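Structure, as structure tokens:
The values are calculated or read from the model by the stated rules, or taken from the named source; none is laboratory data. Since we're looking at a predicted model, the values are computed, not measured. Cβ coordinates were reconstructed from backbone atoms using ideal geometry, including for glycine residues, and neighbour counts include every protein chain displayed.
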Amino acid sequence: MDSDERTSTPGGPRRPERRPSAPALDEIDQRIVEELSRDARVSVRALAERLHISRANAYSRLDRLLEDGVVRGFTVRLDPVKAGFGTSVYVTLKIEQNSWRTVCDRLRGLPAVRHFALLGGDFDVLALVRVRDAAELRALVLHEFHSIPGVRSTRTLVIFEESADDLLLG
């Protein structure tokens, strides 16, 4: 076994397994991804016409992109305020060592948590939260986040304005 493939060394620390590299995208694949990013409802026929390829080629390429996990799904672009989510915040969490999986599982179960990530730095987790109002935010932070085993502290950062043109629902 090559030393780069090992997950542990005798008497040494355990290293994470290497993920297989992503498949290389050629120019047509990249253009398919760009078109779908602009409009996930585009028909395969229209996609093929825009890229000047056959429908069969467009279908097979899209199937491969889905199979390889490059395209993981199709989603809705959302204006959070018009959708009833008038309050958007980032919540930072400091967590106990080795509690990431528990915290992750609980955050995944909270519909108001739209995205979260494990980070290095002054805090451990950053979560994007969208709720209707301050009362819902208060309940979420005080009752949900603080009841998660392993969460030591939170800090809430209010989003006044966002620069992203297109925001995802989930």
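Listed here are the residues, each with its yes/no results for (1) assigned by TED's automatic domain parsing to the domain that holds GLU34; (2) touching a residue at least 12 places away in the same chain (Cβ under 8 Å); (3) assigned to a helix (DSSP H, G or I).
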{"site": "ARG50", "(1), (2), (3)": "yes, yes, yes"}
{"site": "ALA56", "(1), (2), (3)": "yes, no, yes"}
{"site": "TYR59", "(1), (2), (3)": "yes, yes, yes"}
{"site": "ASP63", "(1), (2), (3)": "yes, no, yes"}
{"site": "PHE85", "(1), (2), (3)": "no, yes, no"}
{"site": "TYR90", "(1), (2), (3)": "no, yes, no"}
Quick one: would you say ASP105 is of a type in the set (Asp, Glu), farther than 22 Å from THR87 by Cα, exposed (fewer than 15 other Cβ atoms within 10 Å of the Cβ) and in contact with a Lys or Arg (Cβ under 9 Å, 6 or more places away or on another chain)? no
Given (1) at pLDDT 55 or above; (2) over 17 Å from ASP68 (Cα atoms), where does PRO23 come up short, assuming only one miss? (2)
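Only one of VAL129, VAL125, VAL91 is surrounded by 15 or more Cβ atoms within 10 Å (Cβ to Cβ), closer than 25 Å to ARG38 by Cα, under 16 Å from the mean Cα position of the chain (by Cα) and at pLDDT 95 or above. Can you tell me which?
VAL129
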Test for LEU65: is it in contact with an Asp or Glu (Cβ under 7 Å, 6 or more places away or on another chain) and under 30 Å from GLN30 (Cβ atoms): yes
From the options ALA83, ALA134, residue that is modelled with pLDDT of 95 or more and on the phi < 0 side of the Ramachandran plot: ALA134
